[in-house]
Amino acid sequence: MLIFSKSERSFILTLVVLCLVCAGVSYSGKTFSSPNAETVDFEEPRYIVNINTVGIDELERLPGIGPVMAREIISHRDSSGGFKAKEDLKDVKGIGDKKFEKMKDLIIISE
C-alpha cells in the first residue's frame, strides 16, 4: 500500500477535482436533442424580380443566377427588346428547364 504525506494527498485531490471540473465543462458544451424536440425550418426570404427592369444585383438574388448569368440575361433583354413572357427567359444561353423551374415563381414581366 502506498503511503502519501498530507501535502501529496492534497495535491492528488486537487488534480482529481481539476480533472472532474474540466470533464464537466467539456460535457456541458455538448448539445443533446430531446426526443420530443421539434425542428423548425426557416425559409429564405423570397424576392420577386421584374426581369425587364432589374439590374445585375437584383438578378443575382434568383436561385442559380450569378454575375455572369445576370449579364447574359440583361444582354439578351437589351438585344431582344425585353421579355414578353416568363418562358422567354429560357432563350438565354445557360437557362434550361431546371433553372427556370427554380425561379419562375420569383419573376414577373412588365415594361
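Do you know which residues across the range 83-104 are surrounded by 10 or more Cβ atoms within 10 Å (Cβ to Cβ) and out of contact with any helix residue (DSSP H, G or I) (no Cβ under 9 Å at 6 or more places or on another chain)?
Of everything in the range 83-104, those that are surrounded by 10 or more Cβ atoms within 10 Å (Cβ to Cβ) and out of contact with any helix residue (DSSP H, G or I) (no Cβ under 9 Å at 6 or more places or on another chain) turn out to be Lys84, Glu101, Lys102.
Of everything in the range 84-103, what is aliphatic (A, V, I, L, M), under 16 Å from Thr53 (Cα atoms) and assigned to a helix (DSSP H, G or I)? Give them in sequence order.
Scanning the range 84-103 gives a single hit, Leu89.
Given the criteria under 26 Å from the mean Cα position of the chain (by Cα) and either among the acidic types (Asp, Glu) or at pLDDT below 95 (or both), does Glu87 qualify?
No; evaluated as a whole, the condition is false for this residue.
Condition first: of a type outside the set (S, T, N, Q) and at pLDDT 70 or above. Can you find one or more residues in the range 39-47 that meet it?
Yes, that holds for at least one residue.
With Ser10, Ser79 as the choices, which residue is among the polar types (S, T, N, Q), at negative phi and either surrounded by 10 or more Cβ atoms within 10 Å (Cβ to Cβ) or modelled with pLDDT under 75 (or both)?
Unique residue meeting the criteria: Ser10.
Does at least one position in the range 53-61 carry a residue that is at pLDDT 90 or above, in contact with a Leu (Cβ under 9 Å, 6 or more places away or on another chain) and surrounded by 10 or more Cβ atoms within 10 Å (Cβ to Cβ)?
Yes - at least one qualifying residue is present in the range 53-61.
The values are calculated or read from the model by the stated rules, or taken from the named source; none is laboratory data. What you see is a predicted model; the values in this text were computed from it and never measured. All Cβ positions, even for glycine, are placed from backbone atoms using ideal geometry, and neighbour counts span all protein chains on display.
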